[in-house]
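Student: Starting off with a structure, shown below.
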């Protein structure tokens, strides 16, 4: 009867690292859409596949948290990390699926810039997650989190300017609606990257 309270061999860091790899893959696929001749349909389809893989990892991690008594870091932090990381992919998927739905075949310059920021943030998240196994990397992780915050600040300014330009320059109301939806979801992805950095900072404070 006490078996369910015994430590499990679940590697939660492995779940986080697997998921961060999928974030990188998603962001690279998104960034492909910034090329001169992007295949938006193919990239959107690939991102949908990755999003489904990420959901499986998130579900497994959540299930194992319920079954495991001892975790390497606070279970609430593991849950928050995997959920916010999954949100990054979800918002990118929400954006690219709309590009496909609205038959958009070329990204606006602001969307390209946001995709570059998201990719840079994803690479830093992957670097930070990979360092969680050993708290000797605490100072490095903290510095990475600061860099992610700076990227999110830049994305906020870029998003505001993008919306202003959209309403000033776009003559077709339907295009305003379409692009506002797309840009909002890309910006939300940068917000979730910032959330991940906040959680990582909390983990570092509690573990050192």
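Student: Pairing the Cα long axis of helix 109-130 with the longest principal axis of the chain, what angle in degrees results, from 0 to 90 and rounded to the nearest 10?
Tutor: Compared with the principal axis, the helix lies near 10 degrees.
Student: Moving on to the next point. Report, to the nearest 10°, how far helix 12-32 tilts away from the longest principal axis of the Cα atoms in the chain, using its own Cα long axis and a range of 0 to 90°.
Tutor: Helix 12-32 and the main axis of the chain meet at about 10 degrees.
Student: Stokes-Einstein at 25 °C, 0.890 mPa s, Kirkwood radius from Cα pairs: D for segment 55-178 in µm² s⁻¹?
Tutor: Calculated translational D: 143 µm²/s.
Student: Rg over Rh of segment 135-195, using C-alpha atoms and the Kirkwood radius, what does it come to?
Tutor: Taking Rg over the Kirkwood Rh, I get 1.20.
Student: Would you mind ranking 176, 196, 56, 203 by Cβ crowding within 10 Å, fewest neighbours first?
Tutor: 56, 176, 203, 196
Student: Further, regarding this structure: Taking every pair of distinct Cα atoms and averaging 1/r, then inverting, what Kirkwood hydrodynamic radius in Å comes out for segment 30-71?
Tutor: Its Kirkwood hydrodynamic radius stands at 12.5 Å.
Student: Past the 24 angstrom mark, what percentage of all C-alpha to C-alpha distances in segment 20-122 do you count?
Tutor: Tail fraction, whole percent: 29.
Student: Round to the nearest 0.05 the FRET efficiency obtained for residue 139 and residue 176 when R0 = 41 Å and r is the Cβ-Cβ distance.
Tutor: In this case the efficiency is close to 0.35.
Student: For helix 138-169, report the angle its Cα long axis makes with the longest principal axis of the Cα atoms of the chain; keep it between 0 and 90° and round to the nearest 10°.
Tutor: 20 degrees
Student: Follow-up. Could you put 160, 84, 133 in order, starting from the residue whose Cβ has the fewest other Cβ atoms within 10 Å?
Tutor: Lowest to highest Cβ neighbour count: 160, 133, 84.
Student: Just to be sure I understand the model, the point goes 7 Å from the Cα along the line to the Cβ. What's the resulting residue 146 to residue 103 distance in nm?
Tutor: In this crude label model, residue 146 to residue 103 measures out at 5.0 nm.
Student: Something else: What number, rounded to the nearest 500 deg cm²/dmol, is the helix-based mean residue ellipticity at 222 nm of the chain, given -39500 (n - 2.57) per DSSP H run of at least four residues and division by all its residues?
Tutor: -28500 deg cm²/dmol
Student: Determine the distance separating the Cα centre of segment 42-108 from the Cα centre of segment 152-208; give it in Å without decimals.
Tutor: Distance between centres, Cα-based: 17 Å.
Student: For the chain, modelled as a GNM with alpha-carbon contacts under 10 angstrom, which of 86, 11, 77 fluctuates the most?
Tutor: 11
Student: Here's a follow-up. Which entry in (i) 1.10; (ii) 0.98; (iii) 1.02 matches Cα Rg over 2.2 N^0.38 Å derived from the coordinates of this structure?
Tutor: Label of the calculated value: (i).
Each value in this text was obtained by applying a stated rule to the coordinates, not by laboratory testing. Treat the numbers as computed from the prediction; the structure is a model and nothing was measured. Backbone-built Cβ (ideal geometry, glycine too); neighbour counts: all protein chains shown.
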